[in-house]
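Engineer: Could you have a look at this structure, given as structure tokens, before my questions?
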Amino acid sequence: MTDTGSGEAPEFLWYIPNTVEPGHRGDDVADGWGTLELSVRHALAVEDHGWGGALLGAGWGRPDTFTVATALAARTTTFQPLVAIRPGYWQPAQFAAASATLDQLSRGRLLINIVSGVDNLAAYGDGNSDPARRYDRTREFLRLVRRLWREPDVTFHGEFFTVEGSTVRPGPYRAEDGRHPRLYFGGASPAAERVSATEADVQLFWGEPLDGIAERVDRLRGLSTELEREHAPLEFGLRITTLIRPTTEQAWHDAEARVAAMAERAGGEADRNWKRAVGQQRLYDLTERGEVLDSCLYTTPGRYGGGGAGTTWLVGSPDDVATALRRYADLGVSHFVLSDTPYLDEVARIGDQLLPRLRQVREVGQPY
């Protein structure tokens, strides 16, 4: 696996659903969801099996991600929580202060995923958000948070947010060196890509085929130049399901059996025609190109209700999936957020069998 554009090694994160309900994407753990005990088991398994940290699932009706992240940081030593947060749920100054504090207490382990997609906004009082302008608001949110992390005594009057004489103490861990919690952002619409190109640190992609990722990487790099990005070069990440088994044949047998069970539960193909996020629709549209794209990208789960990272899967042996992920790395992807269910079984299997292959340093001139 090649190094990232920043010279750092690639990053491998897992996913913790962070829910009070059992059965998330077929997980078979029945009890303990929403408890500290089960969340800590997940985080410690992440540490024990070679992962850098994990994305914590977010959405109204789930445990608050920031509170869970704080608890897990206190119970672990290397675990990096990738905390999904929403402008509107948070005000910029409140978030800048809370995130800087957790980053200091955890000695720089906090990662942040900014989410602007659809949620139950009215349930938490975000009644002033115009859906057509939510990305404009997100961009202003990120600009102000960055200022609050690095400048004392910030006064700001924007379209969406205002602060007077705002100072964050403590600042982020090693802020004196210019460091801050890494900011991840997703979204495939033109408005979303403008946010990534100017204010995010990492653009997260869903599991699209290689040609789609290559096109988007090129476009985002061009946008960064066109919009005169002021920060370090934008980096890129992939959030995808990885179903691995000891052999290619066993992996595909299990993947097809799982999809057959999804189809039976769904009672037929899911409705994929109603309006949804641009990135999600791009995934659903892949089924028209074929059931398997590139070497092992399985699109059929999207026909039966798979959403987000569960819409497309990389399926195969550890070598098959490692080879597929290296091809994404060749396009500039350096952050990988992987998962499969049951989560506690697969964090070990994938961590032990896949990550060592991805971390092998290739010989000079040897192709992937």
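Engineer: For Leu220, state whether it is closer than 21 Å to Leu238 by Cα and among the aliphatic types (A, V, I, L, M).
Structural biologist: Numbers: closer than 21 Å to Leu238 by Cα: yes; among the aliphatic types (A, V, I, L, M): yes.
Against the criterion (closer than 21 Å to Leu238 by Cα and among the aliphatic types (A, V, I, L, M)), Leu220 qualifies.
Engineer: Let me ask something else about it. What's the total number of residues in segment 210-238 that are assigned to a loop (DSSP other than H, G, I, E, B) and surrounded by 20 or more Cβ atoms within 10 Å (Cβ to Cβ)? Quick ask: steps written out before the conclusion?
Structural biologist: Initial filter on segment 210-238 (assigned to a loop (DSSP other than H, G, I, E, B)): 227-234.
Going one step further and asking which of them are surrounded by 20 or more Cβ atoms within 10 Å (Cβ to Cβ), we end up with 234.
Total satisfying the criteria: 1.
Engineer: Also, quick follow-up: Is it the case that some residue within segment 65-85 is surrounded by 22 or more Cβ atoms within 10 Å (Cβ to Cβ), modelled with pLDDT of 95 or more and in contact with an Asp or Glu (Cβ under 8 Å, 6 or more places away or on another chain)?
Structural biologist: Checked against the condition, which is being surrounded by 22 or more Cβ atoms within 10 Å (Cβ to Cβ), modelled with pLDDT of 95 or more and in contact with an Asp or Glu (Cβ under 8 Å, 6 or more places away or on another chain), segment 65-85 yields at least one hit.
Engineer: While we're on this one: Hey, can you tell me all the residues within segment 323-359 that are without any contact (Cβ under 8 Å) to a residue 40 or more places away in the chain and under 26 Å from Met262 (Cα atoms)? Even if it seems obvious, please write down each step before you answer.
Structural biologist: Of the residues in segment 323-359, the ones without any contact (Cβ under 8 Å) to a residue 40 or more places away in the chain are 324, 345-346, 357.
The answer is Ala324, Asp345, Glu346.
Engineer: Can you find a residue in segment 36-50 that is under 15 Å from the mean Cα position of the chain (by Cα), in a loop (DSSP other than H, G, I, E, B) and on the phi > 0 side of the Ramachandran plot? If you could, list the steps in order and put the result at the bottom.
Structural biologist: We begin by selecting, within segment 36-50, every residue under 15 Å from the mean Cα position of the chain (by Cα); these are none.
No, segment 36-50 has no match at all.
Engineer: Is it the case, given these coordinates, that Ala329 is touching a helix residue (DSSP H, G or I) at 6+ places or on another chain (Cβ under 7 Å), part of a helix (DSSP H, G or I), hydrophobic (A, V, I, L, M, F, W, C) and modelled with pLDDT of 95 or more? It would help to see each step written out before you state the result.
Structural biologist: Numbers: touching a helix residue (DSSP H, G or I) at 6+ places or on another chain (Cβ under 7 Å): no; part of a helix (DSSP H, G or I): yes; hydrophobic (A, V, I, L, M, F, W, C): yes; modelled with pLDDT of 95 or more: yes.
Considered against the rule, which asks whether it is touching a helix residue (DSSP H, G or I) at 6+ places or on another chain (Cβ under 7 Å), part of a helix (DSSP H, G or I), hydrophobic (A, V, I, L, M, F, W, C) and modelled with pLDDT of 95 or more, Ala329 comes out as no.
Engineer: Quick one: in segment 86-114, of everything that is at pLDDT 95 or above and small (Gly, Ala, Ser), which residue is farthest from Leu148 (Cα to Cα)?
Structural biologist: Ser106
Engineer: Check Asn273 against each of (1) part of a loop (DSSP other than H, G, I, E, B); (2) at pLDDT 95 or above; (3) polar (S, T, N, Q) and name the one condition it does not meet.
Structural biologist: Of everything listed in (1) part of a loop (DSSP other than H, G, I, E, B); (2) at pLDDT 95 or above; (3) polar (S, T, N, Q), Asn273 misses just condition (2).
Engineer: Please state which of the following conditions Thr287 fails to meet, knowing it meets all the rest: (1) outside any loop (DSSP other than H, G, I, E, B); (2) in contact (Cβ under 8 Å) with a residue 40 or more places away in the chain.
Structural biologist: (2)
Engineer: Could you figure out which of (1) over 23 Å from the mean Cα position of the chain (by Cα); (2) farther than 22 Å from Phe79 by Cβ isn't true of Arg134?
Structural biologist: (1)
Engineer: Please go through segment 186-210 and pick out each residue that is within 14 Å of the chain's Cα centre (by Cα) and more than 25 Å from Gly306 (Cα to Cα).
Structural biologist: Ser196, Ala200, Asp201
Engineer: Within segment 52-86, can you find the residues that are of a type outside the set (Lys, Arg) and part of a strand (DSSP E or B)? Talk me through it step by step, then tell me what you get.
Structural biologist: The initial filter retains those residues of segment 52-86 that are of a type outside the set (Lys, Arg), namely 52-61, 63-74, 76-85.
Once the filter is applied, which keeps residues that are of a type outside the set (Lys, Arg) and part of a strand (DSSP E or B), segment 52-86 yields Gly53, Ala54, Leu55, Leu56, Trp60, Gln80, Pro81, Leu82, Val83, Ala84, Ile85.
Engineer: Could you tell me which residue of segment 51-92 is farthest from Thr19 (Cα to Cα), considering only residues that are among the polar types (S, T, N, Q) and in contact (Cβ under 8 Å) with a residue 60 or more places away in the chain? Spell out how you get there, then give the answer.
Structural biologist: Taking segment 51-92 and keeping what is among the polar types (S, T, N, Q), we get 65, 67, 70, 76-78, 80, 91.
Filter once more, keeping what is in contact (Cβ under 8 Å) with a residue 60 or more places away in the chain: 80, 91.
On the way: Gln80: 19, Gln91: 24 Å.
Ranking the candidates gives Gln91 first.
Engineer: Can you confirm whether Glu21 is among the acidic types (Asp, Glu), in a helix (DSSP H, G or I) and surrounded by fewer than 18 Cβ atoms within 10 Å (Cβ to Cβ)?
Structural biologist: Numbers: among the acidic types (Asp, Glu): yes; in a helix (DSSP H, G or I): no; surrounded by fewer than 18 Cβ atoms within 10 Å (Cβ to Cβ): yes.
No, not satisfied.
Engineer: Further, regarding this structure: Within the bounds of segment 286-303, is there any residue that is farther than 15 Å from Thr242 by Cα, surrounded by fewer than 21 Cβ atoms within 10 Å (Cβ to Cβ), out of contact with any strand residue (DSSP E or B) (no Cβ under 8 Å at 6 or more places or on another chain) and of a type in the set (Ser, Thr, Tyr)?
Structural biologist: yes
Engineer: Restricting to segment 91-114, name every residue that is surrounded by fewer than 20 Cβ atoms within 10 Å (Cβ to Cβ) and touching a Gly at 6+ places or on another chain (Cβ under 9 Å).
Structural biologist: The answer is Gln104, and nothing else.
Engineer: Another question, then. Could you list, in sequence order, all residues of segment 202-230 that are farther than 21 Å from Arg133 by Cα and touching a His at 6+ places or on another chain (Cβ under 8 Å)?
Structural biologist: The one that is farther than 21 Å from Arg133 by Cα and touching a His at 6+ places or on another chain (Cβ under 8 Å): Val202.
Engineer: So in segment 24-39, with the set limited to residues that are without any contact (Cβ under 8 Å) to a residue 24 or more places away in the chain and over 17 Å from Ala348 (Cβ atoms), which one is surrounded by the most Cβ atoms within 10 Å (Cβ to Cβ)?
Structural biologist: For segment 24-39, the residue satisfying everything is Trp33.
Engineer: In addition: Out of segment 248-259, which residues are loosely packed, with under 12 Cβ neighbours inside 10 Å and either of a type in the set (A, V, I, L, M) or within 30 Å of Ser334 (Cβ to Cβ) (or both)? Walk me through how you get there before you give the answer.
Structural biologist: Initial filter on segment 248-259 (loosely packed, with under 12 Cβ neighbours inside 10 Å): 249, 257.
Ala257 - this is the single residue of segment 248-259 that is loosely packed, with under 12 Cβ neighbours inside 10 Å and either of a type in the set (A, V, I, L, M) or within 30 Å of Ser334 (Cβ to Cβ) (or both).
The values are calculated or read from the model by the stated rules, or taken from the named source; none is laboratory data. These figures come from a predicted structure and were not determined experimentally. Neighbour counts are summed over all protein chains in view; Cβ atoms, including those assigned to glycine, are modelled from backbone coordinates with ideal geometry.
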